[in-house]
Structures are given as C-alpha cells and as structure tokens.
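Notes follow once the structure below has been shown.
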Amino acid sequence: MHAWKIAHPGLVRDYHKRNTITLVCSQCQKEFQKVKYYITQTQKERPNAKFYCSRKCVALGHINPKAVLWKGYWIVRKIINGKFKRIFVHIRIAEKVLGRKMKEGEVVHHINGDKSDNRHKNLVICDNHYHKFLHERMARLWAREHLSKNPNPILA
Ligand SMILES: [Zn+2]
Ligand SMILES: [Zn+2]
C-alpha cells in the first residue's frame, strides 16, 4: 500500500476526494468535508463523537464550557469544603498528561506567553528554577527586540 501510495499520489488524492463525508463542526456548526479515510475507529464507534473543521475549532472545542478567563488564565470556580477555589485549566491539563497531581515546586509554563493558550504544544511542565530562567530569557529577548536602541544593562 505504501509503495503504491508513493508511486501514484494523484490516484490516492482522487480516491480520497471521492470518499468524503459532510460533517457539522462541533464548535462553529459549519458544514465541512472530511475524508472518510481519516475518521478513526473510536470516532466511528462513538455515537456522540466530535468533529472539528479546523485546528482553531479543535483548540476552542477543548475549552471547558464552565471555564472563565481570570487574569488571562482559563479557570474553573469550584466550591470545596464551603470555600471558593480557583482551578487553573492548564494545571488540570498538565496533571492529565502526567497522570498524577502536580508536585510542590512544579509549574506549567505557557511557551508563547499567551496565558490563555492551553494547547498541549504551548505548555511545558518545569520546576520553579527553570521557570524563572525561561521568564528571564523571555524578558531579555523582548528587550532585545523592543529596546535595542537604548539597551538596558540589567537585561542585556
Ligand atoms: Zn469549526
Ligand atoms: Zn511561565
């Protein structure tokens, strides 16, 4: 199959084009075409499987509907033992990936600096020390870009 695919990419493309299905995006409700070949077995088996038209909709679709923005972060408010608690969505995501609770001294850093961008590729779990280093480095890079005409000796 693989060798045939390489030898006749046009044929494979045509085959895929003829074998598409019209789906409704779970996020923006727009209709879009999806090649049947790329529908996974789990999606076929699940009656309430979600489909997204674009990467943007995938990201938006994974935001918890109960989440609200607080100081730039997505948080969920919960009442624990009669007290209001803020649960950071990015910490939850990290814990899901780790398969355990975050330990003391561990932090989740947003790589692109956008605290509301919780896509997996934008999150890195690190310790306090490395986190501080990352932010200092980000500040230095920012300064080099914006203040290069009057360099700040502290940031240089
Ligand atoms: Zn969409
Ligand atoms: Zn950070």
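Derivation of every value follows stated rules applied to the coordinates shown; laboratory data play no part. Quick caveat, the model's predicted, so the values are computed rather than measured. Cβ coordinates were reconstructed from backbone atoms using ideal geometry, including for glycine residues, and neighbour counts include every protein chain displayed.
What the table shows:
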{"quantity": "Reduced Cα scattering model of the range 2-61, Debye log10 I(q)/I(0), q = 0.14, 0.30 Å⁻¹", "calculated": "-0.49, -1.21"}
{"quantity": "Estimated 222 nm signal from helices in the chain, with DSSP H stretches of n ≥ 4 weighted -39500 (n - 2.57), rounded to 500", "calculated": "-10500 deg cm²/dmol"}
{"quantity": "Val68/Tyr15 FRET efficiency (R0 41 Å; Cβ-Cβ; nearest 0.05)", "calculated": "0.35"}
{"quantity": "Over the range 1-151, volume per residue of the alpha carbon convex hull, in Å³", "calculated": "240"}
{"quantity": "3J(HN,Hα) from dihedral phi, the range 50-65, Karplus parametrisation 6.51/-1.76/1.60, rounded to Hz, x for glycine, proline", "calculated": "9, 10, 10, 7, 8, 5, 4, 5, 4, 4, 5, x, 8, 6, 4, x"}
{"quantity": "For Tyr37, Tyr52, order by how many other beta-carbon atoms lie within 10 Å, fewest first", "calculated": "Tyr37, Tyr52"}
{"quantity": "Contour excess over end-to-end distance, with Cα ends at Lys103 and Ile87 and 0.36 nm allotted per residue", "calculated": "4.2 nm"}
{"quantity": "Sequence-separation-based contact order of the chain, relative, with Cα cut under 8 Å and 6+ spacing, percent", "calculated": "11"}
{"quantity": "Whole-angstrom gap from the range 43-83 to the range 105-140, using each part's C-alpha centre", "calculated": "21"}
{"quantity": "Contour excess over end-to-end distance, with Cα ends at Lys50 and Ser26 and 0.36 nm allotted per residue", "calculated": "8.1 nm"}
